[in-house]
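One structure is given below, represented as structure tokens, and several questions about it will come after.
The values are calculated or read from the model by the stated rules, or taken from the named source; none is laboratory data. A quick note: this is a predicted structure, and the numbers were derived from the prediction, not measured. When we count neighbours, we look across all protein chains shown, and the Cβ atoms used for this are built from the backbone with ideal geometry, even at glycine. Ligands, DNA and RNA are excluded from the accessible area calculation, which covers all protein heavy atoms including side chains. Shrake-Rupley method; radii C 1.70, N 1.55, O 1.52, S 1.80 Å.
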Amino acid sequence: MNTVLVTGGSGYIGSHTVLQLLEQNKNVIVFDNLSNSSLESLNRVSEITGKRAEFIEGDIRDTDALGDVFSKNDIDAVIHFAGLKAVGESVEKPMLYYENNVYGTLNLCNVMAQHGCKNIIFSSSATVYGDPAALPLHEGLPTGQPTNPYGQSKLMVELILKDICNADNDWNVVLLRYFNPVGAHPSGRIGEDPNGIPNNLMPFITQVATGKLKQLSVFGDDYNTPDGTGVRDYIHVEDLANGHLKALDKIASKAGLFTCNLGTGQGYSVLDMVKTFEAASGQKIPYVIAPRRSGDVASCYADPALAAKELGWKAEKGLKEMCEDSWRWQSNNPNGY
Ligand code: NAD
Ligand code: WQD
């Protein structure tokens with residue numbers, strides 16, 4: 001698995017993964033349409049590693065552009081991050097999400113098959129479990145009913161990739177179900193750079209800390225959780241990125257279809273996050289209790305045992321490091337890239 005195509009590689013999780021691939025001396029090609037990222041992320045990855053990924057600006061829905069990449073390079077595997085991920089936007093623009101995330105992936109797989117590259121790692125999400133049938137969430141549980149088109153698009157792609165694998169034994173597919181990625185590279189040079197007002201908890205908190213946003217709204221304090229606020233399995237983006245390197249090894253062993261959680265196994269509440277962030281950053285985070293956000297579940301955390309057993313992977317970094325690294329990134333780059 002020496003030459004790796006990384007779709008969406010200039011984005012948040014992609015850039016942290018590209019960094020680790022370069023550190024492992026892989027030959028990396030990034031394919032991204034820059035719809036939700038800046039090329040500056042990859043410039044900084046080069047600055048940190050002293051190595052460079054080849055960058056191609058292109059859209060996964062563009063068959064010719066993808067075909068060109070595969071014609072010119074001998075690609076061993078694809079790590080497929082490219083996709084739109086804003087839950088609220090997906091409710092407003094379902095067709096855009098299905099076209100980008102579902103059709104885009106189908107197009108990618110078609111081009112891959114035409115060029116004889118049948119190894120793919122897909123960025124799925126814990127959202128495919130829907131409202132948890134049991135906790136912690138393990139891969140043996142049935143997938144549920146995601147509450148929005150974004151989540152549905154992840155579940156649809158999982159089903160498509162499973163069928164592709166069932167139909168042709170040459171395919172090796174790893175479906176990685178991420179829990180809640182946060183944190184940044186400890187250099188503070190790359191990190192999460194959302195457009196506009198963040199939807200997710202950590203970037204919202206970091207922007208309150210810089211003074212860009214006035215206060216955090218805590219969405220509900222009447223859940224059946226220890227302090228009444230929502231519980232999630234936050235995972236450091238560097239640990240998450242490392243999971244993809246382990247997944248490449250799995251693919252090299254010709255594992256066929258493999259589905260796996262990437263989480264820590266530990267749930268923290270919104271108020272745990274606020275307290276830990278305040279201690280890590282020395283900044284006060286003013287908050288108000290607001291109504292529940294529609295579509296949210298009370299608790300969601302992983303059983304990470306399968307990843308440990310089959311990938312030899314385990315999350316190493318705790319909540320304190322996640323908060324410290326997120327704060328270093330945000331305070332050094334208050335306006336992002
Ligand atoms: P991101 O938006 O930072 O990165 C996605 C990248 O894909 C961006 O650089 C964007 O420009 C690119 N992209 C989007 N559509 C494209 C297209 N049609 N063609 C080419 N490039 C395209 O998001 P991220 O947080 O790094 O997420 C990466 C992947 O992981 C996504 O598929 C996302 O759905 C999935 N995921 C993210 C989370 C999370 O909380 N961040 C959780 C679970 C799953
Ligand atoms: C975490 C907790 C909120 C913001 C979402 C997607 C999922 C995945 C990751 C990505 C919840 C609370 C949040 C705020 C708050 N997708 N919260 N105030 O909802 O677990 O997962 O992102 O690509 O598919 O659904 O993450 O960070 O939005 O919320 O109180 O301003 O923080 O209610 O309990 P979530 P999140």
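Please list, or write none, the aspartates and glutamates whose alpha carbon is within less than 15 Å of the alpha carbon of K26, excluding same-chain residues fewer than 8 places away.
E54, D74, D76, D249
Note down the relative contact order for the stretch 76-165 as a percent, whole number, built from C-alpha pairs under 8 angstrom at least six residues apart.
Computed value for the stretch 76-165: 38 percent relative contact order.
In square angstrom, what is the accessible area per residue of the stretch 193-257 with a 1.4 angstrom probe?
For the stretch 193-257, the solvent-accessible area averages 41 Å² per residue.
Can you check what the net charge comes to around S35, using other residues whose Cβ is under 14 Å from the Cβ of S35 (Lys, Arg +1; Asp, Glu -1)?
Spelling it out: positives minus negatives among the neighbours equals -4.
What list of ³J(HN,Hα) couplings, whole Hz, do you get for the stretch 11-25 from phi and the Karplus terms 6.51, -1.76, 1.60, once you set θ to phi - 60° and write x for glycine and proline?
Coupling constants for the stretch 11-25: x, 4, 6, x, 5, 5, 6, 4, 4, 6, 5, 5, 4, 8, 6 Hz.
Working from Cα positions, state the angle (0 to 90°, nearest 10) between the long axis of helix 319-332 and the longest principal axis of the chain.
Its long axis makes an angle of about 80 degrees.
Still on this structure: Over 25 Å apart: what share of the alpha carbon pairs of the stretch 24-180 falls there, rounded to a whole percent?
Result for the distance tail: 35 percent.
Over all distinct alpha-carbon pairs, what is the Kirkwood Rh of the chain in angstrom?
Result for the chain stands at 20.1 Å.
Bin all alpha-carbon pair distances of the stretch 161-305 at 5 Å intervals from 0 and give each bin's fraction as a whole percent.
With 5 Å bins starting at 0, P(r) equals 2, 9, 15, 18, 17, 14, 10, 7, 5, 3, 1.
While we're here: Please report the Cα spread of the stretch 110-206 along all three principal axes, rounded to whole Å, starting with the longest.
The principal-axis extents, from largest down, are 46, 35, 23 Å.
Let me ask you something else. When DSSP assigns beta bridges and you keep just the ones with both residues in the chain, what percent turn out antiparallel, to the nearest 5?
Close to 5 percent.
With the full set of protein chains in place, find how many percent of the accessible area of the chain is carbon and sulfur; take the probe as 1.4 Å.
Accessible surface attributable to carbon and sulfur in the chain totals 47 percent.
If the chain between Q24 and S46 were fully stretched, how many nm would it gain, using 0.36 nm times the residue separation less the Cα-Cα distance?
In short, 6.6 nm is gained.
Using a cut-off of 15 Å between beta-carbons, work out the net charge of the residues near K309 (Lys and Arg +1, Asp and Glu -1, K309 not included).
Around K309, the charge tally is -1.
Any idea which of I79, N107, P94 is furthest toward the positive side of the dipole for the stretch 28-125, if Lys and Arg beta-carbons carry +1 and Asp and Glu beta-carbons -1?
Positive-most Cα among the choices belongs to I79.
Once both labels are modelled 7 Å past Cα along the beta-carbon direction, what's the Q145-D168 spacing in nm?
Each label point is offset 7 Å from its Cα along the Cβ direction, giving 3.4 nm.
Before I look further, what does the stretch 1-107 give for accessible area per residue, probe 1.4 Å, in whole square angstrom?
Ligands and nucleic acids excluded, the figure is 42 Å² per residue.
To continue, here is another question. Quick check on the stretch 162-212: take the gyration tensor over C-alpha atoms, sort the square-rooted eigenvalues as a ≥ b ≥ c, and tell me if it's rounded (a/c under 1.5), prolate or oblate.
Note, shape of the stretch 162-212 comes out prolate.
A follow-up question, please. How are the Cα pair distances of the stretch 236-337 distributed, in percent, across 10 Å bins from 0?
For the stretch 236-337, the binned pair fractions read 12, 33, 32, 18, 4, 0 percent.
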